[in-house]
Amino acid sequence: VGCASTGGAGAVNQENAVVHQVTPEDEAATHSKEPLTGESAVLWVNGLGCPQCATNIDFQLKRIRGVSDVYTDLSDGKVTVALARGTKPSPYRLSEAVKDAGMTLVKIEAK
């Protein structure tokens, strides 16, 4: 999977993709296997740069048990996931879905 705007597999359109600068602690928190709490989470994603990227990440995240809705904002490179009642995904599970979409989760904010 790559950014459709570059035409290459695995490539990312660096002109349009947002790259977040985060602390090592923020990045480490994306590997937690503890379920999230709250009703939603904001995912800071590096490599999110075109509508096809947004479609890919939406598809991968909507497949996760406990994710009820996804809103992707290309302008700031953030994805908001609404969490269903009951079982909630871990940051690690969300990170793996983002990776499957060809991008990197670098920070997560539970809301």
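Summed over qualifying helices (DSSP H, 4 residues or more, each -39500 (n - 2.57)) and divided by its residue number, the chain shows a 222 nm mean residue ellipticity of -7000 deg cm²/dmol.
Which residue, 104, 64, 91, has the largest displacement toward the positive end of the dipole of the chain when charges sit on each Cβ (Lys, Arg +1; Asp, Glu -1)? After comparing all options, I get 64.
For residue 20, the solvent-accessible surface computed with a 1.4 Å probe is close to 20 Å², ligands and nucleic acids excluded.
A Gaussian network model of the chain, with springs between Cα atoms under 10 Å, assigns the largest mean-square fluctuation among 66, 49, 38 to 38. Residues whose amide H comes within less than 5 Å of that of residue 69, counting only those at least five positions distant or on another chain, are 82 (H built at 1.01 Å from N in the peptide plane).
Once backbone amide H atoms are built at 1.01 Å from N, residue 39 has 111 as its partners under 5 Å, excluding neighbours fewer than 5 places away on the same chain. When the solvent-accessible area of the chain is split by element, carbon and sulfur atoms take up 48 percent of it, the probe being 1.4 Å. Charged side chains reduced to their Cβ positions (Lys and Arg at +1, Asp and Glu at -1) give region 20-106 a dipole of some 380 debye around its Cα centre. In this simple spin-label model, placing a label point 7 Å from the Cα along the Cα-to-Cβ direction at both residue 18 and residue 40 gives a separation of 1.4 nm.
Mean sequence separation of contacting Cα pairs (under 8 Å, at least six apart), scaled by the length of the chain, corresponds to a relative contact order of 37 percent. Taking GluC sites (Glu not before Pro) as exposed when DSSP calls them loop and at most 14 other C-beta atoms lie within 10 angstrom, the chain has its longest site-free stretch at 40-111.
The values are calculated or read from the model by the stated rules, or taken from the named source; none is laboratory data. Given the structure is predicted, the values throughout are model-derived calculations rather than measurements. Neighbour counts are summed over all protein chains in view; Cβ atoms, including those assigned to glycine, are modelled from backbone coordinates with ideal geometry. Side chains included, ligands, DNA and RNA excluded: accessible areas come from the protein's heavy atoms. Shrake-Rupley method; radii C 1.70, N 1.55, O 1.52, S 1.80 Å.
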